[in-house]
Structures are given as C-alpha cells and as structure tokens.
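Participant: What follows is a structure written as structure tokens; I'll ask about it next.
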Amino acid sequence: MMFDMEYRGCKPAVVNFGVLMSDLVKRGKIEEAKSLVHEMKKRHFKKDVVTCNILINYLCKEGRAAEAYKVLFEMQVM
C-alpha cells in the first residue's frame, strides 16, 4: 500500500502507518502490524505514541502482556 502511495506521488506519513496498523490488528494480523514498525524504522519515520499504543493495546486485550512489554521496549530503542 505504501509503495502504491509513493508511486502515485503521495508521500506517506506516520498517520498512514497508524491507520494501516490499526486495521491490521483489528483483523488479527498482528505480525503484519509489527512488520510496519520495522518498515517505519527503515524509512526513517519517528514513531509516535499513537502507533505504539495501537500494538500494545491490542496485545494487552489479547492477554499477551509479555509480548506487549517486548514491543514497548523495542519501540523505545528504535
């Protein structure tokens, strides 16, 4: 999706990553949502509290607190 945006001349922003991430976690595609975090890092986008909270909230709701903590730690060092 981000490739298509850039191809059509629309520069992606952090909010685009957040919207896409939110949709992915709602559909249960947590691994794809996590990969967006790495894509943000690769493209030199600074993470914001919204993108962090999307993943962490989903993981906590699913009872995966240890994994949520790991995501929090990884996002702090990125």
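Participant: If each residue's Cβ is checked for other Cβ atoms within 10 Å, how do LYS61, LYS34, LYS29 rank with the fewest at the top?
Facilitator: Neighbour counts put them in this order, fewest first: LYS61, LYS29, LYS34.
Participant: Taking the number of other C-beta atoms within 10 Å as the exposure measure, put ARG8, ARG27, ARG64 in order starting with the fewest.
Facilitator: ARG8, ARG27, ARG64
Participant: How many lysine pairs does the chain hold where the Cα atoms are under 18 Å apart and the two sit 8 or more places apart or on different chains?
Facilitator: Lysine pairs meeting both conditions in the chain amount to 16.
Participant: Further question: Against the longest alpha carbon principal axis of the chain, how many degrees, from 0 to 90 and to the nearest 10, is the axis of helix 14-26 turned?
Facilitator: Approximately 50 degrees, to the nearest 10.
Participant: So what's the angle, to the nearest 10 degrees on a 0 to 90 scale, between helix 65-77 and the longest Cα principal axis of the chain?
Facilitator: Helix 65-77 sits at roughly 50 degrees to that axis.
Participant: Scan [x] 14.5; [y] 12.8; [z] 15.7 for the value of Kirkwood radius over Cα pairs in Å calculated from this model and give just the label.
Facilitator: The calculated read-out lines up with [y].
Participant: Tabulate in residue order the Karplus-calculated ³J(HN,Hα) for region 38-55, using 6.51 cos²θ - 1.76 cosθ + 1.60 with θ = phi - 60°, rounded to whole Hz; enter x for Gly and Pro.
Facilitator: Rounded to whole hertz, the list is 5, 5, 4, 5, 4, 8, 6, 8, 7, 6, 10, 5, 5, 5, 5, 5, 4, 5.
Participant: Using only alpha carbon pairs under 8 Å that are at least six residues apart, calculate the relative contact order of region 2-77 and give it in whole percent.
Facilitator: 26 percent
Taken together, the values in this text are just the output of simple stated rules run on the coordinates, not laboratory data. Here the structure is a predicted model, which is why all the values come from computation and not from measurement. A quick note on method: Cβ atoms are made from the backbone with ideal geometry, for glycine too, and the neighbour counts reach across all protein chains shown.
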